[in-house]
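The values are calculated or read from the model by the stated rules, or taken from the named source; none is laboratory data. Not measured: the values here are computed from a predicted model. Neighbour counts run over all protein chains shown; Cβ positions are idealised from the backbone, glycine included.
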Amino acid sequence: MRCAGAAPLLGSLPGELDPTEGALLGAHLATCEACRARLSDIEALSGLVQDGLRTEAARRDLSTFADGVMARIPASAWRGAPAGPLERLRAFLRRHRVLAAASAVAPALAALALYLYIGRTGGTGPSELSVEVTSEDLAAIVLDTIDGPVILVGESSEGT
Amino acid sequence: MALPDLELVERARGGDPEAFRELVVRHQRRVYAVALGIVKDRDLAWDVSQEAFVRVHQHLAEFREESSFTTWLHRITARVAIDLLRKERPGRRSDVADVPEAVLQEAAPGVLATALGTNPQETVLRHELSARLTEALGELPDLHRAILVLREMDGLSYEELSLRLGIPKGTVMSRLFHARKKMQALLAGYAGIDAPGRGAAP
């Protein structure tokens, strides 16, 4: 292999040349001082390109860059957007599932506690509707039936 | 503790804007450096970098995790930058013949490496040449510059460069050789070591 053929192969990445080319280049480099010097130049230049561009990029103020990118992405691409009051509440409840679960059963628990309290103190209320407890959109109604207390849990209707 | 890229990608796919913003902030400077190397204009590099991230977001669902996020992001950046070059400067020549033979002969083999010394991180000359690197890159024909930057910054193989640029592998090798040669000559010239025997390194 001569210098004219070897020069374009200098600086190849490992495994990039076919084995024959690689062997020929290796043999040429072993005997050619000029091509070894060219290879040194390629390595020096490689470092300079990386350093130079990184240095240049480091000088640029990129503090508003991310804001610019985010502004170009439609808001609809993001989960939960656009968020109205109801959606914000739902998002809050999704993030706080334990709290949401507690709020769901709270009316029933409150009604049960009240019923037990009334029963223990010997109070005699109306034979049908003893008490109604509501929270958010849920309501629990305790019915005092002849078969014993029955707790009904369901969505509250407006105006009741 | 910072989340890995793939975790942020997964969250961004799920619609988490903060995860995507974190990816942008994490990679913006290197993306900008690659874009600047290819398009050489600071404002264009800014636009290219932003467009690259927007496209990344648009195609997040298609990202296959066999490759690293960085590799994927840089591929998109390169594509945007090269498309811009072709669109903005269709008439510009980018052939190997753009490199005059006389320029190629200006620097003797090894003179740049010798000038930079064996501990290049600490030499003043290296610092000076780094500062003028973009100026030298600006002297290259567009596709020569793109090939050199993608090779040196992203480590793209001849095959990848060939696919990316739509030119034969042999042409990639030839253009890379000429781009390097011209850069060496230019940088050696900046440093006053352009002629053999002028006493390069102190």
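A compact table of results
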{"item": "Evaluation of A:ALA27 against (1) closer than 27 Å to B:LEU36 by Cβ; (2) at pLDDT 90 or above (one fails), failing number", "result": "(1)"}
{"item": "Pair list, Cβ < 7 Å and 6+ apart or interchain, from the stretch B:13-33 residues that are under 13 Å from B:SER49 (Cβ atoms) and surrounded by 19 or more Cβ atoms within 10 Å (Cβ to Cβ) to residues that are charged (D, E, K, R) and at pLDDT 95 or above", "result": "none"}
{"item": "Matching residues in the stretch B:153-183 - criterion: being facing chain A (nearest Cβ under 8 Å) and touching a residue at least 12 places away in the same chain (Cβ under 8 Å)", "result": "B:MET153, B:TYR158, B:MET173, B:SER174, B:LEU176, B:ARG180, B:MET183"}
{"item": "Close pairs (8 angstrom Cβ cut-off, 6 or more residues apart or separate chains): assigned by TED's automatic domain parsing to the domain that holds A:SER46 and under 19 Å from A:ARG38 (Cα atoms) in the stretch A:8-25, surrounded by 17 or more Cβ atoms within 10 Å (Cβ to Cβ) and among the basic types (Lys, Arg) anywhere", "result": "A:LEU10/A:ARG38; A:GLY11/B:ARG180"}
{"item": "Qualifying residues in the stretch B:16-63 (those that are outside any helix (DSSP H, G or I) and modelled with pLDDT of 90 or more) - the one farthest from the other protein chains (Cβ to nearest Cβ)", "result": "B:HIS59"}
{"item": "Where a residue in the stretch A:28-41 is more than 10 Å from every other protein chain (Cβ to nearest Cβ) and its partner, wherever it lies, is of a type in the set (Lys, Arg), with Cβ under 7 Å and at least six apart", "result": "A:LEU29/A:ARG36"}
